[in-house]
2 protein chains.
Amino acid sequence: MKIALAQLNYHIGNFQKNAKKIIDHIHKAKENRADLVVFSELAVCGYPPQDLLERSDFVEDTFACLDSIRKEVKDIAVIIGAPSLNPNSKGKNLYNSAYFIENEKIQLVQHKTLLPDYDVFDECRYFEPNDKFHTIKYKGYRIALTICEDLWDKLPQQNNFAKTELYTTSPLKRLMKDNPDIVINIAASPFSYDRDDTRTTILGDVCKKYGVPLVYVNQVGAHAELIFDGDSRVFSDKGEVKLQLPSFEEDFQIFDFEKIHEIDTLPLQKTNDMELIHDGLVLGVKDYFAKNGFKKALIGLSGGIDSAVTFVIVQRALGSENVHAILMPSEFSSDHSVDDAKKLAENVDVSYDIISIKKSYDAVVNTMTPVFKDLPFNVAEENIQARLRGLILMAYSNKFAHLVLNTSNKSEMAVGYGTLYGDMAGALSVLGDVYKTKVFELARYMNKDGEVVPEHTIVKPPSAELRPNQKDSDSLPDYDLLDKILYRFIEQNASIEDILQEGFAEDVVRRVIRLVNLNEYKRYQAAPVLRVTTKSFGIGRRIPLVHKF
Amino acid sequence: MKIALAQLNYHIGNFQKNAKKIIDHIHKAKENRADLVVFSELAVCGYPPQDLLERSDFVEDTFACLDSIRKEVKDIAVIIGAPSLNPNSKGKNLYNSAYFIENEKIQLVQHKTLLPDYDVFDECRYFEPNDKFHTIKYKGYRIALTICEDLWDKLPQQNNFAKTELYTTSPLKRLMKDNPDIVINIAASPFSYDRDDTRTTILGDVCKKYGVPLVYVNQVGAHAELIFDGDSRVFSDKGEVKLQLPSFEEDFQIFDFEKIHEIDTLPLQKTNDMELIHDGLVLGVKDYFAKNGFKKALIGLSGGIDSAVTFVIVQRALGSENVHAILMPSEFSSDHSVDDAKKLAENVDVSYDIISIKKSYDAVVNTMTPVFKDLPFNVAEENIQARLRGLILMAYSNKFAHLVLNTSNKSEMAVGYGTLYGDMAGALSVLGDVYKTKVFELARYMNKDGEVVPEHTIVKPPSAELRPNQKDSDSLPDYDLLDKILYRFIEQNASIEDILQEGFAEDVVRRVIRLVNLNEYKRYQAAPVLRVTTKSFGIGRRIPLVHKF
């Protein structure tokens, strides 16, 4: 049996486009003599549809789309993900289902059993969990259908409680009673660079544990915060990787199951974190623009590392001709800021304007004088500068229909070292899930084949340049130290006591965590963040805006 | 048996304060010869703790706090809500539990069975559902403990699918096997003015259906978006209301269960929607400030109805001495704008400054001229004004430590008729869940005992005053019409076809819904909204930022 793996990029609710893409690949599979073509989880409507699933019109359109696909299934079988109606009068409206279609007929609908409901996932919000298990015989093979999380026997996320498994049932254990020859898993498993190895291990272990080969088809493409990397695979019954599709791009490959034991096992790919983050972010920006129908991007370049790295990612995602930069020096900007920013724009051949904020700043400060009187310069004046820059970017955006990209990094978002409505402005945060120390690494990675980010931007001490001779280190611990504390607190939910046991200074740890807690209100109004770790700010991290812990 | 109902206002994670409040009321109950005192759901840690429940240090502190409470339980029994550990190695870390404590001993821990996971609720994210049911005998009465949603047999929210019940199990049916004499329900049930009657009906029906009396204790107080109204009750076995605690304030009352049939049944309270919304919003603002340690509020007054109504609510929540207003006229402001705003501030005795944005606006426009060249005035220049106002408010906020309140209403948030980082700025949106037509009603309600909101503010046609002679009606349908379409689409998930069947013009309906969908990105960065309906923008409505439905 020849199985085609269709690793495609879907657009939520764009039924016409999704249907065309799916049908084209069914025909392509047939032309290539595949017996079966496998698409990913909720492929018909796109994943994650979120509360659109609560709309009966959305669900009806999904069914109509699925029906148009069904009619194209001739002389081949298709496995595809879509919701299905829960026929009971009680319970959630829908199941998250895998459809097995053969000769225009839906032969089996197997529902998802393990519904992820943690981090960015809210599947219990929409779906009834499955409790019936069936396999299907096709071309002499007995096939067990599973959906994404169904295979995650282990704890799928960081947990400081004494837990070994998140779920109390094991769908695969149930399905194995039928002695399937193949397990097929259709997935919509979002990318995080620090979980890449986990996925290989978990899936390989499942094959070894049950002695069954696995075809795993994941979607690719980004939907605002979530980036899906694809990375679909075929595993042997010993957990060896026999086929691996690329990350961050669509692909279509056919695997001959008769020859699974003749095919060489692929070596474990040593992935490069920076390459993964870089490619993931490029895809994230590209899809945000393409799927929302935007063309042109605008970025404020400060000469600093965050805007530089953001800029390069956006330029690589959209092309130089679709990016514009604005440099907005103030009286506190050092000479090198403009020079570094100009050099960067020229390195990648992107147009830019220089717009000084001095006169606007003076006008605002003069306007405020009757109220501020002779109170000393403080954060108010600092933020006026940052907000004027945000205002100018948005004015340009409104005039020329460019989308402003946000340039904040995860470290500053964590401790609130940024100005709401100022440098926190923008439609999409490119680096909001990348700690400052990783931003430096990303810049180095971008320069691996020659200077793109100016060397001076990388080596100079970080500064917001909102008052004379300001340095980030005036207000914050060194980023090496800061990022370590933040990682323990945010990604690992470590307590202050746990972090202190690792030898950090108590006053620093307490101050950092206090800042993280105090600035929840800023992050609430932050741009959506492209997620590249297992714990990003946004929908996956829900901390009360009012609490005293 | 005398049962004390403790309807209290908790602060999430403020264990010291919550413990003191709870212990004080245990003593108070004892002094008043109560046999049992009932606190609300997750009272110990406050509700909703959200992802703080994923932190083992938070949970440990909750247990320590519960233990300090337990030691105070002498010669009385206590029913109180707190999480408990799931002892199994598999499954979610916690249960959402009701503790029955007597003589320093935890006699029963009954877990919540029905975990709401829709709208603003994410309880499946944290809790394992209960499947074991026990009642407890105390003072000759057999008591069944339930937690909030456990009693909601019917569909708890709008649903266009063919469903009759959301849950497949009924905890009360299971508990009734023990023939309890009383059902006690500890709740954290958020307020929405359009569900007030539903709650009475659902709870009364439960009593009638099972022929059992009910003590229902709900928490009161606000936590950012969510406002809890209290409104605790005692129902007879016939569903008659025998005791009703007030809405939006703490209360403590003792009910003598021996006399339940002698006590007069309370008449069904005819509530006034405007009174409920008004009082709810006042509490929402008050608690946001008190629990976050803020004192002073700042509001930009335009002379229009939204800022006027916001202003009065904030003034009533915090007192005139804690509110300041800024009036920011531009060249497009009409004379009456400043007059109306001044009159309003004077009506409620609040200080204000007038800060013209003209010079700042001119400076920014001049700065942009080399880039904008001779392109005509458009939304870019309009938004510069709105953003300068936001910037001035934030500058004042930074200088004088005032918190800026947002003045957007639900209608404009829905269709994106507002400027991101401009009039959409602010720490908390007071009217973001109140449609424009309801804002007018609220103004009339505020004026019921004499003019507070100037009459002219109420009767003049709404205008953003960002260009000469601008009116809202230039860009939007009449608010009467707009709000009806929005309500059907947002609150009721109606399809375009369903809405058209009600006789609205097709082009208007399609344009309104297109605007709602297009502006998801603005709402993503909007201030948290005080929720007063069953479907507010924010955590309870999760629409993809990238979709084409």
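So which residues in segment B:108-134 are assigned to a loop (DSSP other than H, G, I, E, B), in contact with a strand residue (DSSP E or B) (Cβ under 7 Å, 6 or more places away or on another chain) and away from chain A (no Cβ under 12 Å), if there are any at all? Show your work before the answer.
Our first condition is that a residue be assigned to a loop (DSSP other than H, G, I, E, B); within segment B:108-134, this holds for B:112-122, B:126, B:128-134.
Checking which are in contact with a strand residue (DSSP E or B) (Cβ under 7 Å, 6 or more places away or on another chain) leaves us with B:112, B:115, B:120, B:126, B:128, B:130, B:134.
Matches in segment B:108-134: B:LYS112, B:ASN130, B:HIS134.
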Item to complete: Give just the number: which of (1) away from chain B (no Cβ under 13 Å); (2) in contact with a helix residue (DSSP H, G or I) (Cβ under 8 Å, 6 or more places away or on another chain); (3) assigned to a helix (DSSP H, G or I) does A:ILE513 not satisfy?
Response: (1)
Worksheet item: Among the residues of segment B:186-203 satisfying the criterion of being part of a loop (DSSP other than H, G, I, E, B) and among the polar types (S, T, N, Q), which is farthest from B:ALA144 (Cα to Cα)?
Response: B:SER192
Item to complete: State yes or no: is B:SER330 among the polar types (S, T, N, Q), surrounded by 14 or more Cβ atoms within 10 Å (Cβ to Cβ) and more than 34 Å from the chain's Cα centre (by Cα)?
Response: yes
Worksheet item: Tell me, which residue of segment B:393-420 that is assigned to a loop (DSSP other than H, G, I, E, B) and of a type in the set (S, T, N, Q) is nearest to the other protein chains (Cβ to nearest Cβ)?
Response: B:THR419
Worksheet item: Of all the residues that make up segment B:49-69, how many are crowded, with 19+ Cβ neighbours inside 10 Å and either in contact with a strand residue (DSSP E or B) (Cβ under 7 Å, 6 or more places away or on another chain) or of a type in the set (A, V, I, L, M) (or both)?
Response: 7
Worksheet entry | B:ALA98 vs. criteria within 21 Å of B:LEU151 (Cα to Cα), more than 14 Å from chain A (Cβ to nearest Cβ) and of a type in the set (A, V, I, L, M, F, W, C) | yes
Worksheet item: So B:LEU466 fits all but one of (1) part of a helix (DSSP H, G or I); (2) more than 19 Å from B:ARG316 (Cα to Cα); what number is the exception?
Response: (1)
Worksheet item: Which condition number does A:GLU149 fail, the rest of (1) away from chain B (no Cβ under 14 Å); (2) outside any loop (DSSP other than H, G, I, E, B); (3) in contact (Cβ under 8 Å) with a residue 12 or more places away in the chain; (4) within 20 Å of A:TYR216 (Cα to Cα) being met?
Response: (1)
Worksheet item: If you go through segment A:165-176 one residue at a time, do you hit one that is buried (at least 20 other Cβ atoms within 10 Å of the Cβ), under 24 Å from the mean Cα position of the chain (by Cα) and within 14 Å of chain B (Cβ to nearest Cβ)?
Response: yes
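Per-residue answers, yes or no, for (1) in contact (Cβ under 8 Å) with a residue 12 or more places away in the chain; (2) under 28 Å from B:PHE228 (Cα atoms):
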site: A:VAL509; (1), (2): yes, no
site: A:LEU518; (1), (2): yes, yes
site: A:LYS522; (1), (2): yes, yes
site: A:GLN525; (1), (2): yes, yes
site: A:LEU530; (1), (2): yes, no
site: A:PHE537; (1), (2): yes, yes
site: A:ARG542; (1), (2): no, yes
Worksheet item: Do we have B:GLY390 as within 10 Å of another protein chain (Cβ to nearest Cβ) and out of contact with any Leu (no Cβ under 6 Å at 6 or more places or on another chain) here?
Response: yes
Worksheet item: When segment B:41-84 is examined, which residues are found to be of a type in the set (A, V, I, L, M), within 7 Å of chain A (Cβ to nearest Cβ) and more than 14 Å from A:HIS547 (Cβ to Cβ)?
Response: none
Fill in: B:ASP24 being modelled with pLDDT of 95 or more, of a type in the set (D, E, K, R), surrounded by fewer than 23 Cβ atoms within 10 Å (Cβ to Cβ) and under 30 Å from A:ASN160 (Cβ atoms)
no
Worksheet item: If we scan segment A:368-386, do we find a residue that is facing another protein chain (nearest Cβ under 7 Å), without any contact (Cβ under 8 Å) to a residue 12 or more places away in the chain and hydroxyl-bearing (Ser, Thr, Tyr)?
Response: no
Response to the item:
The residue from B:LYS21, B:LYS30 that alone is more than 14 Å from every other protein chain (Cβ to nearest Cβ) and part of a helix (DSSP H, G or I) is B:LYS30
Worksheet item: Looking at B:VAL206, B:VAL183, which one is part of a strand (DSSP E or B) and more than 13 Å from chain A (Cβ to nearest Cβ)?
Response: B:VAL183
Worksheet item: Restricting attention to segment A:458-466, does a residue exist that is modelled with pLDDT under 95, more than 29 Å from the chain's Cα centre (by Cα) and exposed (fewer than 15 other Cβ atoms within 10 Å of the Cβ)?
Response: yes
Practice prompt. May I ask you to list the residues in segment A:86-104 that are assigned to a strand (DSSP E or B), touching a helix residue (DSSP H, G or I) at 6+ places or on another chain (Cβ under 8 Å) and farther than 21 Å from A:ASN218 by Cβ?
Written response: A:LEU94
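The values are calculated or read from the model by the stated rules, or taken from the named source; none is laboratory data. It should be emphasised that the depicted structure is a prediction, and the values quoted were computed from it without experimental measurement. All Cβ positions, glycine included, derive from the backbone under ideal geometry; neighbour counts span all protein chains shown.
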